[in-house]
Structure formats: C-alpha cells, structure tokens
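Since the structure comes first, as structure tokens, the remarks are kept for the end.
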Amino acid sequence: MSDTPVFVALTDAGEALAARALGALAPSADPAANVVRCGPGAAPAAETLRAVFASGRPLVGVMAAGILVRALAPMLGDKRAEPAVVALAEDGSAAVPLLGGHRGANDLARRLGAALGGVAAVTTAGDVSLGVALDAPPQGWRLENPLDAKAAMAGLLAGRPARLSGEAGWLAPLAGRVLAEPAAEDAPVVLTVEGCEPLVYRRARLVLGVGCARFCPPDEMIGLVRKTLAETGFAAAEVAEIRSIDLKSDEAAIRALAEDLGVPARFHAAAELEALTPRLANPSDVVFAEVGCHGVAEASALAGAGEAAVLAIAKVKSASATVAAALRAGEGAPGRRRGQLSVVGIGPGASDWRTPEASRLIAEAEEVVGYNLYIDLLGPLAAGKPRADFALGEEEARCRHALERAGEGRDVALVCSGDAGIYAMGALVMELLDRPETRGGVSAAARRVEIVAAPGISALQAASARVGAVIGHDFCAVSLSDLLTPREDVLKRLRAAAAGDFVTALYNPVSRRRRELLDACREIMLEHRPADTPVLLAHSLGRPEERLELRTLGALRTDEVDMLTVVLIGASRSRAFRSGDGGAGATDAAGTGGWRIYTPRGYAKRIDAPATPADAAPELEKGEVS
C-alpha cells in the first residue's frame, strides 16, 4: 500500500494547494491519483473521505476539521489501526493531525507545515511534552511491547525517575528527563520508567529466509522460527521481513508466520536465488532438483539482506520447514510480494449500496479491471488508478488479465455489478484457476495469487426491496441468455421454476437479437399461476435513470424490457397492494404509484390460529432475528 497521502479538496483553491503540497512531499507522485476534488459537480465529499480512510492510505483533507470529523466518525474503531488523517487549512496556514498521530499524522503535519510555511498543530501529549512518541519508533526500529508505552509515557509526564540504556538518536529529546546508561552495541535500547514495565526497542536488522514442503502446518513453521531465534540469541522484534521462493508464495504457513511476527513477506524467482549459490552454507542438489535453486531459506535471507550480507543463522529444519537468517548489510533485492485479486461486487450501482469492504478493496487496489460502465460507476474510488476496460463479451479476457496482473505481484480489483458470484466474474475466475494451463488455464504465477471475494447487493435483492418484499418467500433466479447455456436448458429451468411456484428473477431478459425467450417464459408461467400475478420491471437500479414499473403476468410485454432490466415474477401467492394514498412512505418517487409487492410466508395462519404449547414460542428460522 502506498504511503503517499491522498489529498481531498472542496474548492479550486484547495485543489491547487493540495497539488502544491503533494509536489513538495512526493515530487514523483501523480496528482491525478493522489488529489481528489469533491463538492458540487464532483464526487461526494463524505463518501470520498470514507473510502480513502477505509483504504488505509494517509488522508489530508483541505477543509475544516469539522467536516472530516463528521464524515469519518462512523468509521472510527481501533486507534492502532487507523491511518493518518490531517486537516489542512485552505491557505496552508495550519495542519492539524486528527487521527493516527503515532501512525504518521504528526510527522505528516510537520512536513506539510514546513513545505507550506504553516504551523503543525500537534496536540498529542507525548509529542508536545516529550518531543517523541514512545509507541511509534521510526523505520528500522520495533518496540517489543507497545501496549506498555502508554503507562511509560504517563510516568514520564508525571516526572517519575527514568533511565535509558543504549543509544537511539530518535530518543534524544528525552535527554533531560532520563538517566543515560551505556549498553553493548548489539543490545536493545531499554527505557525504564519507575513503576512501569521497561520499553524494549530493537533494531529491525534480521531478514528471515524460509522454505517448506507443500501444505506445511503453520504451527510447525512458527514453532521452528520462534525456537531457532531463541536458541541463537535473537528476538522476534529484530526480524524486519520474511523472504522465500515465489513457488511458496501461496503457502499458508508462510502467511501465518508473517502475521505472527507482524512483518511483510517477499518472494524471489528460482533463478534469482540460484545466483546466490556460492554464498550458501548448505547448498543442496536435492533442493535444486525440486525447485531449481540450490537453497531456498539461506538464499532468500541473503537476497533480502544485501550484497554484503552473510548468514547469521545457517539453515535449520524441521520435518516440513526450513529457516535461515542474515543481518542486513545494505539494500536487499526488492523481491515480489504475493499478488491479490479482489473479485468485488459493487451492487447495482449506487454508492450507498456498496459495502465498506468493497470500497476498501477498490481503494487499496493498484489496478482496476472490469466492464467500463461498472468502473465508471465507482466515481472517485477509481479516479487516477490504472484501469483495464473490457467490453461485453470479453469476460474471459477480463478475468485472465486480472489474474495475470495479480500474478506479477500487484493488488488488482476485478469489478462486477451486483454480486460477483451471481451471473458475474466470480465463477469464471474460479474456472480459470481450476483449468490446467495446457487447456486454457492461467499461468502458475497467477494460480498462486490470493483471491478475496467481496459480496455485493444483487439486483434481485435491490428490486425486491424497492417495492416491499417480493422475495419474502422461496425464490430462484434464471438467466435468459442462451449464449453460454443451451436454450432448451433455459426453458427446462423456467418450467421447473413455474411448477415449483417460485418467485422468479429473470436476469439478461432480452438482447438486441434475442427477444422471444421472455415471451416463452410468460407463457410457461401462465400455465401455473394466474394472469394477475404481480411482475416488477426494475430498470437501471441504483442509478440516476432508475425506473420501476408494476405489471401483471398476463400484461408483460417484451418491448418494455431491455438488458439493464431485472424482471421479478411473483409466485401464485404474491400480492400487490396500494400503500395508503401513495403519499409519504410509498414508492411514488420510484414510479410505482405507491404500490407494494410482497410474497407472504404463511404468518397469517399462525396469527389466526389459537396458540398451543407447541407454537407459543416458535423456533426462529433462518433469516429471522431474535
């Protein structure tokens, strides 16, 4: 994830200031990807602010602090996970860190103040009074026990005696408050405040190289690493990162180890590791025959630690795992992180029908892939991001591109309308992963990416909700497209839905060349339910051009329907009624004249029948809430 802040501005002047500040803080950053204009005629401010906040990127709002507070209040939770949020005055005179002070906001405010000639209005007690944040050591350092920092900071502010063992330049502001004590060069820096647990700071100097057999148990990997570190005199907090061969990027054991240590994992191609064979302590022909290099753990550690690095821990192994380590000695090879493909359902189109998870995954993505209309519906979430647009009919190319780009180590969002698993790209992604590469599947690298599926509100849910509860009882969905499904299969499913008396949602009801299947569907349904069965035509749900029309089954006509319409055909028991006089609370704005449609589940029988011991306290069914 990028550390470059996203600037959100409300006016022309604010946008110009944001571009100037971005240029000062990150000269190579693209303003189109990092400066977002909101307000009249542009993206909604609250929605944009929440989306950026959810992505975890640093956020600078060129606006009043109160706007940021009101917009982000519903999003606040664990302060340890909140990104930096700074309110910047439109004239650049003040930068106020509001959230994530110890996660970069205080520093960001100071940098903005210096760049713009303004004041950083830092209010965090530790920074103001002590000149340093004890729970946020700079890059290259890790605090072993961060939960104890608050008490130590309070003790220092109260004037309790304290001593500092070891040297760390960033703790220099404490010089007048603590007694300095010498320590060995490799020893941790320890701050001890009377009555508090000592704070232990360690240099993040160790690169772990790991390897494992396929499906290695995570507990075995974590246990081996923890035991090896302890036996060799290293602390877990000294680990800066984990490295391995790219063939293992999808191993659960390596992911679990990275999470356990709280560090990133990077991966290398076999050829890159093979080039380091002369520096290995334990080269192995067996390993070479298996993966194409003479060592995974040792070579990976050396690759990440720099050209001058030597092994601090030679290879140690368990039944299924290996670990080695090297002390950093300069800049290591960058390696590649494991790519991620987020298959995201954005709902029918309205931003308030998009889940926070979907917004976060899109905001975090380095590239957005999808049908151009669906990407356009994202508005500011996709602004400035690289995007790959595909036309209708290019579904396989769309999914293949997304998987292969993720296979290169990128974070990619594949955007789908509605729910990605309902007549969308979710199943096709799985099919490409399931196919052998020799039969049209994707590359081995693409098969190792992490897949995250984010559900969305489907069109049938949105349509039903617009007019009441059409799918309040058993329902099914049938696509009338015969491009991928034989026409006889479509008709067979329609007959089954009609005979089973299911409320039926019709997706892809017509196309320019295919008009007769909807007529056939109407005739099949009329064989099993009355002509006055309510039917809802829901056009362009959740978009400005949304239109809802109530019809009866007997009066349903194909020329009223297009590809952007979802058709909901009620069951024989579905009912339509007028809500009062069609005034407040009705659906006049949606074009149904106050009509409501629902499908009863049989509660009237329960209400009308006398209570018995058996049904006086009925068991809750799935879908009900106690």
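Bear in mind these aren't lab numbers, they're just calculated from the coordinates by the rules spelled out. All values reported here derive from a predicted model rather than from experimental measurement. Don't worry about glycine lacking a Cβ; one is built from the backbone with ideal geometry, like all the others, and counts go over all protein chains shown.
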Acute angle (nearest 10 degrees) that the helix 487-499 long axis makes with the longest principal axis of the chain, alpha-carbon atoms: 70 degrees
Once label points are set 7 Å from the Cα along Cα→Cβ at both residue 314 and residue 181, what is their separation, rounded to one decimal in nm? 3.7 nm
Kirkwood hydrodynamic radius, the stretch 20-138, all distinct C-alpha pairs: what's the number in Å? 14.7 Å
Take peptides 356-363, 27-34, 434-441 and line them up by average Cβ neighbours within 10 Å, highest first, as a rough protection proxy. 356-363, 27-34, 434-441
For the stretch 340-457, what percent of Cα pairs sit more than 22 Å apart? 23 percent
Counting other Cβ atoms within 10 Å, which chymotrypsin sites (Phe, Trp or Tyr not before Pro) in the stretch 202-275 have at most 14 and lie in a DSSP loop? 215
At R0 = 41 Å the Cβ-Cβ FRET efficiency linking residue 520 and residue 355, nearest 0.05, sits at 0.70
How big is the charge dipole of the stretch 126-186 about its Cα centre, in debye rounded to the nearest 20, if each Lys and Arg gets +1 on its Cβ and each Asp and Glu gets -1 on its Cβ? 300 debye
Applying the Karplus parametrisation 6.51 cos²θ - 1.76 cosθ + 1.60 with θ = phi - 60° to the phi angles of the stretch 335-346, what ³J(HN,Hα) value in whole Hz is obtained for each residue in order, glycine and proline being reported as x? x, 10, 7, 5, x, 10, 10, 9, 8, 10, x, 9
Short to long, in 10 Å steps from zero, the percent of alpha-carbon pairs of the stretch 460-606 per bin is 12, 43, 34, 10, 1
Please give the length that would be gained between residue 252 and residue 577 if that part of the chain were fully extended, namely 0.36 nm times their separation in residues minus their C-alpha to C-alpha distance (nm, one decimal). 111.6 nm
If unit charges are put on Cβ atoms (+1 for Lys and Arg, -1 for Asp and Glu) and the dipole of the stretch 276-329 is taken about its Cα centre, the option from 316, 294, 282 lying farthest towards the positive end turns out to be 316
Count of lysine pairs in the chain with Cα separation under 20 Å (8 or more residues apart, or interchain): 6
Could you tell me the relative contact order of the stretch 141-203? Use alpha-carbon pairs under 8 Å, at least six residues apart, and round to a whole percent. 46 percent
Rounded to the nearest 0.05, what FRET efficiency is calculated for residue 528 and residue 389 with R0 set to 45 Å and r the Cβ-Cβ distance? 0.60
Rounded if a/c is under 1.5, else prolate if a/b beats b/c, else oblate: with a ≥ b ≥ c from the C-alpha gyration tensor eigenvalues square-rooted, which is the stretch 101-200? prolate
Among the DSSP beta bridges whose two residues both lie in the stretch 6-123, what percent are antiparallel, rounded to the nearest 5? 25 percent
Report the one residue of 225, 42, 84 whose Cα lies farthest in the direction of the positive end of the charge dipole of the chain (charges on C-beta: Lys and Arg +1, Asp and Glu -1; origin at the Cα centre). 42
Between residue 396 and residue 489, what length comes free when the chain is fully extended (0.36 nm per residue of separation minus the Cα-Cα distance, one decimal in nm)? 31.3 nm
Calc'd 3J(HN,Hα), the stretch 149-162, phi into Karplus 6.51 cos²θ - 1.76 cosθ + 1.60 (θ = phi - 60°), Hz, glycine/Pro = x, comes to 5, 4, 5, 5, 5, 4, x, 5, 5, 7, x, 5, x, 8
Label-to-label distance, nm, for residues given as residue 4 and residue 444 (7 Å Cα→Cβ offset): 3.4 nm
Highest first, please rank the peptides 493-502, 569-578, 237-246 by the mean number of other Cβ atoms sitting within 10 Å of their residues. 237-246, 569-578, 493-502
D (µm²/s, integer) via Stokes-Einstein for the stretch 206-327, Kirkwood Rh across alpha-carbon pairs, 10 °C, 1.306 mPa s: value 116 µm²/s
The chain: calculated mean residue ellipticity at 222 nm from DSSP helix runs of at least 4, using -39500 (n - 2.57): -8500 deg cm²/dmol
Linear extension gain, residue 603 paired with residue 213, 0.36 nm per residue minus alpha-carbon span: 134.7 nm
Among 457, 479, 440, the residue whose Cα sits farthest towards the positive end of the charge dipole of the stretch 412-481, when +1 is placed on the Cβ of each Lys and Arg and -1 on the Cβ of each Asp and Glu, is 440
Sum up the charges of everything whose Cβ sits under 12 Å from the Cβ of residue 432, counting Lys and Arg as +1 and Asp and Glu as -1, but leave residue 432 out. -1
Give me the percent relative contact order of the stretch 206-327, please, defined on Cα pairs under 8 angstrom at least 6 residues apart. 35 percent
Cα gyration tensor shape for the stretch 141-203, rounded if a/c is under 1.5, else prolate or oblate: oblate
Given contacts defined as C-alpha pairs under 8 Å and at least six residues apart, what's the relative contact order of the chain, whole-number percent? 8 percent
Using a simple spin-label model with points 7 Å from Cα along the Cα→Cβ vector, what separation in nm is obtained for residue 172 and residue 115? 2.4 nm
Roughly how big is the chain's charge dipole about its Cα centre, with Cβ charges of +1 (Lys, Arg) and -1 (Asp, Glu), in debye to the nearest 20? 400 debye
Can you give me the Rg/Rh ratio for the chain, using Cα atoms for both radii and the Kirkwood formula for Rh? 1.05
Can you tell me the order of 7-13, 453-459, 554-560 when each peptide is scored by its average per-residue count of other Cβ atoms within 10 angstrom, highest first? 453-459, 7-13, 554-560
